[in-house]
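The values are calculated or read from the model by the stated rules, or taken from the named source; none is laboratory data. Because the structure is predicted, anything quoted here is derived from the model rather than measured. Note that each Cβ is placed from the backbone with ideal geometry, even for glycine, and that neighbours are counted across all protein chains shown. All accessible areas refer to the heavy atoms of the entire protein, side chains included, with ligands and DNA or RNA removed. Shrake-Rupley method; radii C 1.70, N 1.55, O 1.52, S 1.80 Å.
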Protein chains: 2
Amino acid sequence: MCGKYIVSKSPKASSVSPVPQATDNGHQPQPIINLDHGDPTMYESYWKEVGQKYSVTIPVFQSLSYFANMKNLCWFLEPKLEEEIKTLHKNVGNAITENRHIIVGTGSSQLILAALYALSDSLNDPNPVSVVSAAPYYSSYPEITDFLRSQLYKWSGDARCFDKDGPYIEMVTSPNNPDGVIRKPVVNRAQGMVVHDLAYYWPQYTAITSPADHDIMLFTVSKCTGHAGSRIGWAVVRDENIARKMVKFIEINTIGVSKEAQLRAANILEIISLSCQRQKPRDLDNFFEHSHQLMAERWKKLRNVVKNNQLFYVPKFPNQYCNFTNEFTETYPGFAWIKCKEGVDCEKLFREHKILTRSGKRFGGDAEYVRISMLSRDEEFDLFVQRLSTIHGTGNQN
Amino acid sequence: MCGKYIVSKSPKASSVSPVPQATDNGHQPQPIINLDHGDPTMYESYWKEVGQKYSVTIPVFQSLSYFANMKNLCWFLEPKLEEEIKTLHKNVGNAITENRHIIVGTGSSQLILAALYALSDSLNDPNPVSVVSAAPYYSSYPEITDFLRSQLYKWSGDARCFDKDGPYIEMVTSPNNPDGVIRKPVVNRAQGMVVHDLAYYWPQYTAITSPADHDIMLFTVSKCTGHAGSRIGWAVVRDENIARKMVKFIEINTIGVSKEAQLRAANILEIISLSCQRQKPRDLDNFFEHSHQLMAERWKKLRNVVKNNQLFYVPKFPNQYCNFTNEFTETYPGFAWIKCKEGVDCEKLFREHKILTRSGKRFGGDAEYVRISMLSRDEEFDLFVQRLSTIHGTGNQN
């Protein structure tokens, strides 16, 4: 498998073209559709229906202190948030939290860094430890790992090509960003340390087949509830020393995590748990059923529009039994990992049609692929599908 | 001056003793008073008086997106927060914000790191740039700089001892943490880059003598309003490229800053600005007058209790004219930088009396000094002063 996603060392100069800004023929220019980021605004419609009823009010005298719970290893974690995280995992059945440490972070980005710090600093090795992930991998891993030129850890690329002895850290995103595939570690050697990024292991995206039970598991409200603006993620950590070092990282980096964001996240997770109960309020739709259905509709629209098109290929996923919904279900990833026909620079092609996507090259893959967010607002998604239906022909060639 | 605050390389083994936990003689053990951290709970009483009237309500459908303002260089900054930051600086007269970039951070800790990244990454130098600050310096600077073993920058100690050629970054905290002194850069060489940490340049602590006008200035709500739990700081930055790189750091580190915290911070700054107006609501005390008076009372109590004590020395500060209050005022720092008499390990002495302080050694100073938070709740501060009055004698010797 190694090498499948290796980026060409000499890409053609014309691989990225600028976004067309206007036309000279008097027509209104097409609006740009930005599906590069995975901004989960899709969920906004659900939360608008839920409405004011569940707003959070924080009095001005609350949460002045740095500390949330002096007795907790994670001293800045609001007890209410910890409780709602555990309740939600129990309701959904997607992760074991008993006898584990919960660590809150400013989004899961901060927790990725905290995990890299905790695992590498514990080694007391003068050389940086290698950080790898199987391509196509989350496009931010290389930059997150290397931007400060740390001597604790360094990005070492595609896990399938990794052949060094000694300790290493493997990032396993499952379901995977960008391609939605369920993953396991691929290196599997002694001295390996694995961080499981489970941001998308929720019932709207994939079947919940068993509660995950790994050493370090990362989650985030961004992809679970859609509240990316809150910057709340959490880690479920088995080992106490690693948990302490992750807390230490967040202490030095930002002296804890915003209390307001934690309190609202707790409230939102509570609403979701409530919405999954049989005895739920009548006007509260089951969040996961609602969002699963939305994702299913979007994927159906996407598949419909490309089925007679010789230019694009959209991956298929196996049906699996979901213990949460008690039925067989398809996988509906938060991103579409689209392959164009051979020789086509897919990001460039979309850009020519004013659709901004993220090139496969950014994920350690190649230019025939793009990642497209499936999580935008309805209007934008429908506009995207409509425009996609107009793209034909051979497209540009690399 | 260089060397004054150099830490002994061979400290005596007995310099730190454990906290006594209980007594065997049947007496109730004294409660531990923790004045190590600068947790600004002192302001809680003001905010309790202001009460529910000014609470913040955030509906559940608000702020889902990562983005706050796509048109702003700092795309995750809430426009309302930017507006209130500028209004408050204008009202107080402590900083120039016109034609400057405002960058919000998860507390000013994140902004310190963002500034180090922006300044050092711009150099394109394979060697790490030296980071210095005049001792006694903020105790977190060495750890913040070195914990990831970055090759972009490295901690190089007391600015007064710095004699290397080439670029360097000097951290200037003014008023200074720990000692409350108004500061200027001390190295003053070509290729020097200065970060001004102005967390305490507010009227409750010191006279506002002129609006600060430096390349990079850092502020935080923690020390201005007391809302440390919100983790909201901001930088005022002159150069656009540096501002962009600071934004880039925060993007990679945490993909922005919690919207809930920003919205509440905006609300709180608005209340403070309102409280400074002549036409303010009757039941809203001027925040800075109120907190300045509280600080004055605490410093008076502290000076009273040590004035006949031969063991402790509390620094004095010059009176200065404050343009905000339009009167001469003393300086009332957020920390007391107390010197014990020669040869006494001051942190150990206080620890024996169950008062937790931060040793001068942590600030690049020596063990005869401690930093004591003046920002705790009333009960705790009064207990501290009362207990301080019982400490006599020669104390332990180094």
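If you check B:ASN323 against the conditions, is it modelled with pLDDT of 95 or more and polar (S, T, N, Q)? Criteria met by B:ASN323. Only one entry of A:ARG371, A:ARG351, A:ARG362, A:ARG377 meets the criterion of being basic (Lys, Arg) and open to solvent by less than 10 Å² (accessible area, probe 1.4 Å), and that entry is A:ARG371. Inside the stretch B:274-297, can you point out the residues that are away from chain A (no Cβ under 14 Å), touching a residue at least 40 places away in the same chain (Cβ under 8 Å) and either open to solvent by less than 10 Å² (accessible area, probe 1.4 Å) or in contact with a Cys (Cβ under 8 Å, 6 or more places away or on another chain) (or both)? Correct list: B:PHE288, B:MET295. Regarding the stretch A:156-167, can at least one residue be identified that is in contact with a Ser or Thr (Cβ under 6 Å, 6 or more places away or on another chain), small (Gly, Ala, Ser), in the same structural domain as A:PHE219 (by TED's automatic domain parsing) and surrounded by fewer than 22 Cβ atoms within 10 Å (Cβ to Cβ)? Yes, the stretch A:156-167 has at least one match.
Of the candidates B:TRP234, B:TRP202, the single residue that is touching a residue at least 24 places away in the same chain (Cβ under 8 Å), closer than 26 Å to A:THR145 by Cα, open to solvent by less than 10 Å² (accessible area, probe 1.4 Å) and away from chain A (no Cβ under 13 Å) is B:TRP234.
If you go through the stretch A:98-130 and pick out every residue that is more than 12 Å from chain B (Cβ to nearest Cβ) and either in a helix (DSSP H, G or I) or among the charged types (D, E, K, R) (or both), you end up with 4. Is one or more of the residues making up the stretch A:381-396 of a type in the set (Gly, Ala, Ser), modelled with pLDDT of 95 or more and either buried (at least 21 other Cβ atoms within 10 Å of the Cβ) or more than 24 Å from A:PRO136 (Cα to Cα) (or both)? Scanning the stretch A:381-396 turns up no residue that is of a type in the set (Gly, Ala, Ser), modelled with pLDDT of 95 or more and either buried (at least 21 other Cβ atoms within 10 Å of the Cβ) or more than 24 Å from A:PRO136 (Cα to Cα) (or both).
Selection of the stretch A:237-267 for residues being within 10 Å of chain B (Cβ to nearest Cβ) and basic (Lys, Arg) yields A:LYS248, A:LYS259, A:ARG264.
Taking into account only those residues within the stretch B:263-319 that are of a type in the set (S, T, N, Q) and within 20 Å of the chain's Cα centre (by Cα), which is farthest from A:PRO59 (Cα to Cα)? Going through the qualifying residues, I end up with B:GLN293.
Screening A:LEU64, A:LEU123 for residues that are of a type outside the set (Lys, Arg) and open to solvent by less than 10 Å² (accessible area, probe 1.4 Å) leaves exactly one candidate, A:LEU64. Of all residues in the stretch A:43-61, those satisfying the criterion of being open to solvent by less than 30 Å² (accessible area, probe 1.4 Å) and either part of a strand (DSSP E or B) or of a type in the set (A, V, I, L, M, F, W, C) (or both) are A:TRP47, A:VAL50, A:VAL56, A:ILE58, A:VAL60.
B:PRO211 meets each of the listed conditions (1) farther than 18 Å from B:ILE169 by Cβ; (2) within 14 Å of chain A (Cβ to nearest Cβ) apart from (2). Scanning the stretch A:140-155 for residues that are surrounded by fewer than 20 Cβ atoms within 10 Å (Cβ to Cβ) and in contact with a strand residue (DSSP E or B) (Cβ under 6 Å, 6 or more places away or on another chain) yields A:PRO142, A:ASP146, A:ARG149, A:TRP155.
Restricting attention to the stretch B:131-165, the residues being touching a residue at least 40 places away in the same chain (Cβ under 8 Å) and not in a helix (DSSP H, G or I) number 11. State yes or no: is A:LYS339 in contact with a Phe, Trp or Tyr (Cβ under 7 Å, 6 or more places away or on another chain) and either open to solvent by 30 Å² or more (accessible area, probe 1.4 Å) or farther than 29 Å from A:TYR141 by Cβ (or both)? In short, yes. The set of residues from the stretch A:36-71 being more than 11 Å from every other protein chain (Cβ to nearest Cβ) and under 21 Å from A:ALA228 (Cβ atoms) comprises just one member, A:ASP36.
Scan the stretch B:72-97 residue by residue and report those that are open to solvent by 50 Å² or more (accessible area, probe 1.4 Å) and within 14 Å of another protein chain (Cβ to nearest Cβ).
Initially, the stretch B:72-97 is screened for residues open to solvent by 50 Å² or more (accessible area, probe 1.4 Å), giving B:79-80, B:83, B:86-87, B:90-91.
B:PRO79, B:LYS80, listed by residue number.
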